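Let me begin by presenting the structure, written as structure tokens, before commenting on it.
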Amino acid sequence: MKGSPFFFLLLTVSLVYSLFFFTVGEHKSDVEDWSKIKVLVGKTGKLGLRRRINAHKMENLIKKNADDAMNELLCIEDVDGIAKKSKGAAIFYAWNKGMLDEWKEEQAADAEHNK
């Protein structure tokens, strides 16, 4: 099982959710295993997923966290496989990747402006 493509796909789905929560402010240690991620997914109210996405501000990103998350996302090769296994994970992958791409562009524009 551990060497199977299915196992690696499950790890990738878990990684996508982990990176999402890491990007929106969770500590890395709080999103390193699937049981903790499932608890976060199930949160409602102030800590609910939709509210956290809507309340997320780019300026709150920590550079090291954003760089780490982007590097991890770029290592994911089978995005179609993620979508087949979990539509939710595919959505979080797309949101996270798009948001981090936008953040990188803003960082580059700020660096250019500050020259």
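Is it the case that some residue within the stretch 24-47 is under 16 Å from residue 91 (Cβ atoms), surrounded by fewer than 18 Cβ atoms within 10 Å (Cβ to Cβ) and not aromatic (Phe, Trp, Tyr)?
Yes, the conditions are met somewhere in the stretch 24-47.
Just checking: which of the helices (runs of 4 or more DSSP H) contained wholly in the stretch 10-115 hold 1 or more residues that are in contact with a Ser or Thr (Cβ under 7 Å, 6 or more places away or on another chain) and free of Cβ contacts under 8 Å to residues at least 24 places away in the same chain?
34-41
What are the residues in the stretch 60-80 that are of a type in the set (Asp, Glu), over 11 Å from the mean Cα position of the chain (by Cα) and within 15 Å of residue 21 (Cα to Cα), if any?
67
The numbers here are math on the coordinates, done by the rules we state, and not lab data. All values reported here derive from a predicted model rather than from experimental measurement. All Cβ positions, even for glycine, are placed from backbone atoms using ideal geometry, and neighbour counts span all protein chains on display.
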